[in-house]
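Read the structure below first, then the notes.
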Amino acid sequence: MLNALSHGFRVVGRRSINAVWRMGSAARFMGLVLLRSGPSLRRFHLTIDELHFAGVLSLIIIIVSGLFVGLVLGLQGYETLKRYGSAEAVGTLVALALVRELGPVVAALLFASRAGSAMTAELGIMKSTEQLSAMEMMAVDPFARVISPMFWGGFLSMPLLAAIFSVMGIFGGYLITVVIIGVDSGAFWSQMQSSVDLRNDIMNGVIKSVVFGAAVTAIALFEGYDAPPTAEGVSHAVTRTVVTSALAVLALDFVLTAFMFTGV
Amino acid sequence: MQRTTLDLWVGIFVTAGVAALFVLALKVGNASSVNMSDSYRVIAEFDNIGGLKARAPVKSAGVVVGRVESISLDTRNFRANVALRIDKRYPFPRDSSASILTAGLLGEQYVGMDGGGDEQNLKDGDRLKITQSAIVLEKVIGQFLYGKAAETSSGKKE
């Protein structure tokens, strides 16, 4: 009885020590990434390579998803608003939903599964094939040469991807409601413009996407760096990246929304 | 991939992203009415501002001419001081009046300006003399009930 109890406590203790240890090493890892990012920003072509990988190659999925999210939002919004005789407000609905929430959140989720998972796999395999150690042997800092450029590439491309997602979504909403259904074009834009505020809506959306970009990239890089150097370890790390960053994006979104859009 | 083509694609991506931000700011949001570089400030005193908030629009004949800058309470006479920032393009005569109105039945409250007939125009820092406060529903109902009660009691006496 006493043995079982002490065993249970030991399990809880080990789990919590592990969790705190991982948090600590993640914080230390992020500190190193930021501290050593000087050389990677000076040799900017390294960051440009990562921008190409994380940003340009994610464009197709972001554009197509944004367009379809906008089409669905426009169609659903129109069907509901039509009953209350305010079909013109569909522009407001589409723009506010995209700029405030769906743009940053869905773009971050897509970014995590498109670019974040690849970052984790790349770093994990570099570690398991001892490329990172080899760099250290040659006195090349892997943080400055590989990891910081990846971080800045992801950090810079995420807000741009979210903005492109929102614009494509609004264009999709315009396409379905104005061009196909026949809502008045002037009313669509003017209602949108009168209710979307530059500071409260658009700036807050941009802030959200910056936060999500930092969070997703940091999670992806840490999981890759921390992965056990085996094939199984890397595959688990990729899975954990996608799951953890999806949860982190949704949780952060709730916290940010609670701060930004309530009160005042 | 070649260095130059890679640079080209990254350049296209960054330009598209920045352009998307500009489209959001200019086409979707109302950036044009937020920043008024040329404006003047007028203070209007109200007995009661109801649910008026800072940054609410100031309208004249339905046209947005400015925004509510700040709201404060003057503790000398317990009236609300509402600072209005009005676009320089719209000069108002000095005896203009301000009233607090509601957009639609349940909409948000805004300040309505009615032009007067004075020769001189309002300057920066002027105070509006003629104001009409917000209609507070409880007070209207209270007055109505009071009036009804007075009516019936006087009716009984006669």
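Rounded to whole Hz and in sequence order, give me ³J(HN,Hα) for segment B:119-131 from the Karplus expression 6.51 cos²θ - 1.76 cosθ + 1.60, θ = phi - 60°, writing x for Gly and Pro.
6, 8, 9, 5, 10, 4, x, 5, 10, 7, 7, 9, 9
Can you tell me which lysines have their Cα less than 26 Å from the Cα of residue A:82? Leave out same-chain residues fewer than eight positions away.
B:27
Could you tell me which of A:160, A:118, B:145 has its Cα farthest along the dipole of the protein assembly as shown towards the positive end, charges placed at Cβ (Lys, Arg +1; Asp, Glu -1), taken about the Cα centre?
B:145
Quick one: which of A:241-254, B:128-141 comes out on top by average Cβ neighbours within 10 Å, and what's the full order, highest first?
A:241-254, B:128-141
What dipole magnitude, in Debye to the nearest 20, does the protein assembly as shown give about its Cα centre under +1 on Lys/Arg Cβ and -1 on Asp/Glu Cβ?
720 debye
Given H placed on each backbone N at 1.01 Å, which residues far from residue A:183 in sequence or on other chains put an amide H within less than 5 Å of it?
The answer is A:178.
Which whole-Hz ³J(HN,Hα) couplings does segment A:144-153 yield from phi under the Karplus relation 6.51 cos²θ - 1.76 cosθ + 1.60, θ = phi - 60°, glycine and proline marked x?
Ordered by residue, 3J(HN,Hα) equals 6, 8, 10, 7, 4, x, 4, 4, 5, x Hz.
Among A:256, A:93, B:130, which residue has its Cα positioned farthest towards the positive end of the charge dipole of the protein assembly as shown, with +1 placed on the Cβ of Lys and Arg, -1 on the Cβ of Asp and Glu, and the dipole taken about the Cα centre?
Final value for the positive-end residue is A:256.
Using +1 on the beta carbon of Lys and Arg, -1 on that of Asp and Glu, and nothing else charged, what's the dipole of segment A:58-255 about the Cα centre, debye to 20?
Rounded to the nearest 20 debye, it is 300 debye.
Report the FRET efficiency, 1/(1 + (r/R0)^6), for residue A:101 and residue B:130, where r is their Cβ-Cβ distance and R0 is 51 Å, rounded to 0.05.
0.70
Could you give log10 I(q)/I(0) at q = 0.09, 0.15 Å⁻¹ for the protein assembly as shown, computed by the Debye formula over C-alpha point scatterers of equal weight, without solvent?
Relative scattering, expressed as log10 I(q)/I(0), comes to -0.76, -1.28.
Please list the non-local residues whose amide H lies under 5 Å from the amide H of residue B:56, H modeled 1.01 Å from N, same-chain partners needing a gap of 5 or more.
Hits under the 5 Å cutoff: B:68.
With each run of n ≥ 4 DSSP H residues scored as -39500 (n - 2.57), what mean residue ellipticity at 222 nm is computed for chain B after dividing by its residue count and rounding to the nearest 500 deg cm²/dmol?
After summing the helix terms and dividing by residue count, I get -9500 deg cm²/dmol.
Please report the antiparallel percentage of the DSSP beta bridges confined to the protein assembly as shown, to the nearest 5.
80 percent
Every read-out reported here was derived from the displayed coordinates using simple, explicitly stated rules and does not represent laboratory data. Not measured: the values here are computed from a predicted model. As a convention, Cβ positions derive from the backbone with ideal geometry for all residues, glycine included, and neighbour counts pool all protein chains shown.
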